[in-house]
Ligand SMILES: Cc1ncc(C[n+]2csc(CCOP(=O)(O)OP(=O)(O)O)c2C)c(N)n1
Ligand SMILES: Cc1ncc(C[n+]2csc(CCOP(=O)(O)OP(=O)(O)O)c2C)c(N)n1
Ligand SMILES: [Mg+2]
Ligand SMILES: [Mg+2]
């Protein structure tokens, strides 16, 4: 996935001079995950560069650049370090267009590796998509494969809206996939049905997709047919795809990494009951993180979704 | 309510030297809403004072004071200005205890007027409780009456947890109520059943309670019996009280001011389906803000919940 | 100039005294009589509008409004210098500069009456809307500065903040980024002595606000912000330095907020009549007027004649704003996104259905 | 001292040169031979531990670790001075100061192995855990400083941040609050020339980091952070000033991160061998050792004898940490709240049910 993202940046840097890339250590170093490797050498320090260590500064200046006609793509080094930029995101990046009645736009992308499972220090393992999904004016997306990462990032850069682009760092290098060369886009806001099934719908995104797929193997053995939806877009949510699926299966489970309360799961469940109440055979369920801080590595396995946990819920909902 | 909050602060300042109160303009001026009026004169500038204009600074220093044994009660001047402090809240105030395995505590209260309906400028009318409810380690509460405000604030100051205390500024001076003199507390984390009913449960909190009560008059005329739950506490949520009620009524509506997606309503609906799926006669519904930025005063009426909107949903859910 | 008035020495840059007399001839900017007169009239117009708004507010015809009263020379000087291609990044107390960019009074009125349309700025290019979250706008200015440098344009950004705003982290990050990037931004701190009720000395222990420039390795200067000539000269030199590639400049403009913080504020709670009186003689319009009168460029008579015209114009625009009409419900939804989410469209439709239902109920 | 080394003049405070020779006798702190020797040994112990951890990490026995290598004199000086009642507010590269407060190596190992228990600090009072979000901890220090002043205690706070950290808004707000409140905090910037791969000159255009003190009206000084005596003296004088009610002090300690940023970083990507070599002669241990050897207080022989003992001790504590055992699942839940929410209790119970189910499946 790292290469796919790098490729997307490369393509957009090459074709559009208004695209620039910056953030902490993204220049010479190529980012702590090497996502921007080689780009400074190729496009120069004016287009790909290290910023001072200040997230509000990074996002705030990007807003200014965007308003002035550029398309900045900035990086938050880790999910836990986006919060100093929170005010700029919620008060400006997400509002400039509405505030100015469409006169000013902020076509910018905030890239951010998110999620756990990499044996990291505190603040490096969070998945707080629900907070960002709740911010009016922002769009929030997360790919689950290298192919999606490339196509979605190109779409994000070309969008005139402000996009928070969440990258599942856990699978940065885990999934090997041939990704088509050259430019292609994947529309933002549409979910992707990864597997057709009839007994239960599972909605997930990002790194959790892989865990769900493992659980699906168990489910298959148990004779349970699972329909898997990769959200791709956290906000806006593709209600139609979810509705259609749950009307068919009558059962829905969300699988996410973030804390449970006020999380993504509740929103999806609500959509299911709004759209398919009379089709429901069991209460929409959520497999999520606990309402706790992601434990340090030695305790993280307690927190993260293991395929068994997902299968456990599949069994429960089918037996309900 | 302003007087009740002032009274609670006065009581705690008088009885506990470790309590101090600060924030922007809370000293000489007594706060822009006069909530802290007279307290500096009474307790001196070392205990009640103006801070520099910096919200991260206010919350961050309060964390330090709390860790060192004090009980700071700090004010964010308006709901829209808490975001510069977001990193300190999510990364430290909500985590110091967990991080240090209980060795360090942050007994502190962040007071914040929230919500719309006061004809204010941008950023002065928001209700983003869902974002804060999603933060592990934080407790979030909101009173709906002067009596509750006083008892809950005293509880909050005495709690050893970090409490975000959301004050419904719209009814700061709107509700006249005799509040008992002297000290009393109201336990945090428990909801309050304000009206018994049998046809539908409405869950709400803060300034919206009054709007629901107006809608209940219409409902009564229409022969619909509404059970009204004032959440009081956003996190933790009192599941038991909600569950009991919805098992009885079979129908539930949440009424909140914040944006719809990933909001409070979805969480309450999820609780209802988890706890009372087989009792449900209709899909749990939500009356919430749109997924937009609260419009400036001339457009705010489009956004805010009017009693008709609530009654509209009551009718719909009963007829479902 | 920046060496002579290095903020480390804590000098205040001044050109005229309280009586409008030139005390620093060497630094006097070359401004034609005509331009000067225009500047004075623009400031007078701004003040007239400002005072009138306060009275509208008392009549309940407008919501909260933050008066510029007493601070007109700062926006006046910027307004006289700013070009069509320069950017204006205001806080919320820069009426003069906004008018100079082509924002209309009517738009400002609309904004403070509670219409987002007031931030559309139909005739003003390169002007950001009023920024309510204190100091946050300064970062936008630094970013815009980057764009100017990146595209090698001959432009500058003027960015405003209050004394209180210098305490925010964003102030620090903005001037710091601009310093590292060496971008053409003139940061102007309107030090009007208060942030609502909080006096500047409770914001910082530093000797001045201008001296904070040192922390970012950028040029800084402390200017008498009630001295039109000093402000003009400081801004002019700052623009020169910016366009010369010398990086940003931080101007502390010392002034006094003669009015309330906003129309809902009561300054008698936190400051004395004596203090207010002390600043009376430093009033920027008064000083410029004394200068102009001495040069026979202006007279009380002319002023008496023109003010009613201004009032009329203000009133005309105000009434236009008052009659702006209802707030279309589409406007609640349609501007958030370039590409509007389906669910948001559905929310709008559902709202429409509710309104129809309501109409059927309440008639 | 703070006048003599006013950061505006951009002097660096030094006492010994690269050869360990005293070049500033007047400023030499009074430290007994015994204390000095202890300090050297503490630093040597820290370095031994540090180098060993890097090798543990290579063996896959510990996760990411940020070495202190080359920066030991800074924490060493603070460690020698900090009292039981003083507070330590670390960033994450202050091993020496933490050990001096009573934190054990084992605890640090536990932390970097991935146990929160490593932040319990059973024997260290008034020590905050490692703070990962850059610069955020400085505000806690300012708040603690307020408590000290409020309760009229005779204590100081030592707060650390890196050069990169000075770019964050929280750095600004923290030193500013401390300045306004005049509270006893010694802020120490470990300027090790890099924030991960980003050199200090890309963090700020200011002449030095110490000069930022001017922006807050507080004392500041730029110190050779690889000169133990200079650091000692600067810290000693800062404590004096703090306790004397003169408010906070900002120390820029100039040093060099000889190791990688963390064990997952590769510095050859962004800096040259030559640069690394240039700093070799400035190594803080080397310089202090030369001084001690000249005074016949220490010898290579003694060093060769003691290092294996240190290694053994480090290994002993490391192995203790390695055998710490599994992470109890209760620990995931129980420390978040003083009063645990019912639903969280239920989440724990449900997890227990799942584990039982899983046990029944996977056996
Ligand atoms: C982030 C933020 N915090 C608080 C406020 C509320 N507020 C509005 S104006 C103001 C004082 C501003 O003082 P200053 O920067 O000196 O500007 P002035 O009003 O004097 O022009 C405050 C605290 C705000 N708008 N934004
Ligand atoms: C708010 C925040 N942003 C980014 C990071 C990621 N990060 C960890 S260390 C570091 C560099 C710190 O540089 P400096 O302050 O000079 O300290 P040093 O590592 O050199 O000791 C960065 C960017 C972080 N921990 N916190
Ligand atoms: Mg001010
Ligand atoms: Mg560094």
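The values are calculated or read from the model by the stated rules, or taken from the named source; none is laboratory data. None of the values given here were measured: they were computed from a predicted structure. Note that each Cβ is placed from the backbone with ideal geometry, even for glycine, and that neighbours are counted across all protein chains shown.
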Quick test of your reading of the structure: residue C:199 fulfils all but one of (1) in contact with a helix residue (DSSP H, G or I) (Cβ under 9 Å, 6 or more places away or on another chain); (2) within 15 Å of ligand 1 (Cβ to nearest atom). Name the failing condition by number. (1)
Could we say that residue B:224 is assigned to a strand (DSSP E or B), in contact with a helix residue (DSSP H, G or I) (Cβ under 8 Å, 6 or more places away or on another chain) and more than 12 Å from every other protein chain (Cβ to nearest Cβ) here? no
Looking only at the stretch B:48-71, which residues are farther than 26 Å from residue C:136 by Cα, under 25 Å from the mean Cα position of the chain (by Cα) and at the interface with another protein chain (Cβ under 8 Å from one of its Cβ atoms)? B:65, B:66, B:67, B:70
State which residue is surrounded by the fewest Cβ atoms within 10 Å (Cβ to Cβ) when the search covers only the stretch C:307-363 and only residues that are away from chain A (no Cβ under 14 Å) and not in a helix (DSSP H, G or I). C:363
Tabulated pairs, the stretch D:205-224, first at positive phi, second modelled with pLDDT of 95 or more and in a helix (DSSP H, G or I), C-beta under 8 angstrom, 6+ apart or interchain: D:217/D:179
Tell me, please, whether a residue that is surrounded by 22 or more Cβ atoms within 10 Å (Cβ to Cβ) and more than 14 Å from ligand 3 (Cβ to nearest atom) can be found in the stretch C:251-260. yes
The listed residue being more than 16 Å from ligand 4 (Cβ to nearest atom), within 14 Å of another protein chain (Cβ to nearest Cβ) and part of a helix (DSSP H, G or I), out of C:265, C:170: C:170
Hey, could you check the stretch C:268-301 for residues that are touching a strand residue (DSSP E or B) at 6+ places or on another chain (Cβ under 9 Å) and outside any helix (DSSP H, G or I) and say which is farthest from residue C:54 (Cα to Cα)? C:282
May I ask you to list the residues in the stretch C:16-28 that are more than 15 Å from residue C:225 (Cβ to Cβ) and crowded, with 18+ Cβ neighbours inside 10 Å? C:20, C:27
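In the stretch C:196-205, what residues are within 30 Å of residue C:65 (Cβ to Cβ), part of a loop (DSSP other than H, G, I, E, B) and within 9 Å of chain D (Cβ to nearest Cβ)?
In the first step, residues of the stretch C:196-205 are kept if they are within 30 Å of residue C:65 (Cβ to Cβ); the result is C:196-204.
With part of a loop (DSSP other than H, G, I, E, B) added as a condition, the list becomes C:196-197, C:203-204.
Selection gives C:203, C:204.
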Being within 16 Å of ligand 3 (Cβ to nearest atom), out of contact with any strand residue (DSSP E or B) (no Cβ under 8 Å at 6 or more places or on another chain) and more than 14 Å from chain D (Cβ to nearest Cβ), is that true of even one residue in the stretch C:206-227? no
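Every residue in the stretch A:218-229 that is in contact (Cβ under 8 Å) with a residue 40 or more places away in the chain and out of contact with any strand residue (DSSP E or B) (no Cβ under 8 Å at 6 or more places or on another chain), please. Show your work before the answer.
Let us first name the residues in the stretch A:218-229 that are in contact (Cβ under 8 Å) with a residue 40 or more places away in the chain, namely A:218-219, A:222, A:224, A:226.
Matches in the stretch A:218-229: A:218, A:222.
Determine which member of the set C:266, C:283 is surrounded by fewer than 22 Cβ atoms within 10 Å (Cβ to Cβ), more than 16 Å from ligand 2 (Cβ to nearest atom) and at pLDDT 95 or above. So that I can check it myself, show each step before the final result.
On the way: C:266 fails: at pLDDT 95 or above.
C:283 is the lone residue from the list that is surrounded by fewer than 22 Cβ atoms within 10 Å (Cβ to Cβ), more than 16 Å from ligand 2 (Cβ to nearest atom) and at pLDDT 95 or above.
Out of curiosity, is residue B:59 buried (at least 24 other Cβ atoms within 10 Å of the Cβ) and assigned to a loop (DSSP other than H, G, I, E, B)?
no
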Pick from A:232, A:239: which is under 19 Å from the mean Cα position of the chain (by Cα), free of Cβ contacts under 8 Å to residues at least 40 places away in the same chain and within 14 Å of chain C (Cβ to nearest Cβ)? A:239
Among the residues of the stretch B:308-319, is any assigned to a loop (DSSP other than H, G, I, E, B) and buried (at least 21 other Cβ atoms within 10 Å of the Cβ)? no
Which numbered condition trips up residue C:187, out of (1) part of a helix (DSSP H, G or I); (2) more than 13 Å from ligand 3 (Cβ to nearest atom); (3) in contact (Cβ under 8 Å) with a residue 24 or more places away in the chain? (1)
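Among the candidates A:84, A:113, single out the residue that is more than 7 Å from chain C (Cβ to nearest Cβ), in contact with a strand residue (DSSP E or B) (Cβ under 9 Å, 6 or more places away or on another chain) and over 29 Å from residue B:299 (Cβ atoms).
Numbers: A:84 fails: in contact with a strand residue (DSSP E or B) (Cβ under 9 Å, 6 or more places away or on another chain).
Among A:84, A:113, only A:113 is more than 7 Å from chain C (Cβ to nearest Cβ), in contact with a strand residue (DSSP E or B) (Cβ under 9 Å, 6 or more places away or on another chain) and over 29 Å from residue B:299 (Cβ atoms).
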Against the condition assigned to a loop (DSSP other than H, G, I, E, B) and touching a residue at least 24 places away in the same chain (Cβ under 8 Å), how does residue D:78 come out, does it pass? no
Looking at residue B:26, is it in a strand (DSSP E or B), at pLDDT 95 or above, more than 13 Å from chain D (Cβ to nearest Cβ) and crowded, with 24+ Cβ neighbours inside 10 Å? no
Please specify each residue of the stretch B:253-273 satisfying the condition of being in contact (Cβ under 8 Å) with a residue 60 or more places away in the chain, at the interface with chain A (Cβ under 8 Å from one of its Cβ atoms) and part of a helix (DSSP H, G or I). B:264, B:267
